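The values are calculated or read from the model by the stated rules, or taken from the named source; none is laboratory data. All figures in this text were calculated on a predicted structure; none of them were measured in a lab. FYI the Cβ positions are ideal-geometry reconstructions off the backbone, even for glycines, and counts take in every protein chain you see. Protein only, heavy atoms only, side chains kept; ligands, DNA and RNA dropped before computing areas. Shrake-Rupley method; radii C 1.70, N 1.55, O 1.52, S 1.80 Å.
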Amino acid sequence: MSTVRRPDHRSEQHSGHRSARSPHSAGLRHVLTHLITPLLMCIGMGLAYLGAFAHPAPHQLPVAVVGSGHSAQLLAQSINDKAGGDLEVRTVGDRSAAVDRLKHQDIFGAYVIPAKGATTGAAKGPSGGVSGAGGASGAGAEGAAAGPSKAAPELLVATAGSDTSASVVQKVFTPIAAHQGAPLKVTDVAPTAEDDPTGQGIFFLLVAISIGSYASVAVIGGAGAVLPVRWRAALAIGTSFVVSLIGTAFAGPVFHLVDHGLRGLWAMAWLYSAGILLIGTGLHTFLKRWTTLGVMTLFVMLNFTSSGGIFRPEMQNGFFASLHSFWNGAGFVEGTRSHVYFDNYGLTGHVWTLVWWLVAGLLMVGVAALAEKRRRTAEAETAANAAAVAAAAVAATVPEPAAKRESRTVRSARTAGGAGADAREGAADVNEAAEADVEMEMEEAVGV
């Protein structure tokens, strides 16, 4: 007697639940994979910004004591001993030499000791009257004896070089002047523009140009991936031209961060932006969706922190101070300061820094072009080998009559056509997935 096996509804239900969970599991894995990028950005930004800005302190900050006598040398040596390596105090012969060194950014403060016997004019006596040196007031007279007051020491600074460094120098020399019994007179020999009192507007201009540049990398490298490399490179250069014009407009007519030298500022902004865009476009060939993290590391985490826009390298640790000597953000910030405030002193070196980063971008694009060419060649060889194997398999079959061979050829062609259609459908699916990744990459770049 045969038994009829009843269908196992529990097995069917379990299978249904498992098939329903499969798409959600794949989607969850996809989301978790893409969450790695912002989490790494969080870690990198925290390490970079807090490591560079959390505990600013002078490290061999160069300052000077103005004077050629024995007292100037003793004061400089005393400050050096008490600073313990925080300051690098030297002596300068006269005030004009100190001003020249400040404008060359060799020093960031100069303490001018008043000459012995120097005065600042008559001082009022306690009764409000003024008298000569040997005169005496009669009974009932309102005047009182008064003599010339002691000349005040002077501190020379250049806030255009760094407002934070000037503040640190002022904190160092104010107690020294107080100990000598005179108020400190502060003279700014290189003031900033009226609408940029702290001089940090150049740094925030750097931020704006940087974001416009590296966010465009995601668009050119992702959405423009179907274009040849030379077209993407042309788009990068054209985009850098637009970004630099926007930055120049911000610096000049919009916010008045600088009041002259806009042409030179635009040229440096273009060099800076073009370097970022070309390097990022070349990197996209190799990093794909990790490009955003790569350019963020290069041009935000390491770039903003070493630019000198907030704290000069003398106020930072050795790592960021060393980056300042050759990183592109430092080249733009220091080049702009030199051009606008310091009569182009040292400008050539900063421009060359930007040029070398542009050259690095061109080389990166060239390497990417070679890699993509090799990749296309390898794909073509793979397709040709597959076609050859299929043809050999067909040729190895038993010979058939001409009519049958002809009908077989027709069927093979139809089968190949169907396979081609399937391949095209698969390629369409791949393109849709790639478009989704590109959209997510651009959202990550612009969102940051």
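A few points about this structure:
- Solvent exposure of the range 273-400 amounts to 44 Å² per residue of accessible area, where only protein heavy atoms count and the probe is 1.4 Å.
- Estimated FRET transfer efficiency (A383, A223; beta-carbon r; R0 35 Å; 0.05): 0.85
- The residues of the range 162-228 expose on average 43 square angstrom of accessible surface per residue, using a 1.4 Å probe on protein heavy atoms.
- With all protein chains modelled, accessible area of L362 [1.4 Å, Å²]: 100
- Largest to smallest accessible area among L50, L277, L271, L262 [probe 1.4 Å]: L50, L262, L271, L277
- Peptides ranked, highest mean first, by Cβ atoms within 10 Å: ranges 156-166, 37-47: 156-166, 37-47
- Distant-in-sequence amide H partners of V65 (H built 1.01 Å from N, under 5 Å): R90, T91, V92, Y111
- Per-residue SASA remark: H24, around 140 Å² accessible (1.4 Å probe; ligands, DNA and RNA not included).
- Apportionment of accessible area to carbon and sulfur, the range 265-362, percent (1.4 Å): 74
- For the residues E88, E381, E314, a 1.4 Å probe over the protein chains yields an accessible-area ranking, largest first, of E381, E88, E314.
- Heavy-atom accessible area for L28, with the other protein chains in place and a 1.4 Å probe, reaches approximately 100 Å².
- Alpha-carbon centroids, the range 48-90 and the range 179-237: separation in whole Å: 29
- Portion, in percent, of the accessible area of the range 183-231 that falls on carbon or sulfur, probe 1.4 Å: 65
- Taking amide hydrogens as placed 1.01 Å from N in the peptide plane, the amide H of Q180 sits under 5 Å from that of no residue at least 5 positions away in sequence or on another chain.
- Cα-based shape type of the range 213-342, given that a ≥ b ≥ c are square roots of the gyration tensor eigenvalues and the cut on a/c is 1.5: oblate
- Prolate/oblate/rounded call for the range 295-360, Cα gyration tensor, a/c under 1.5 rounded: oblate
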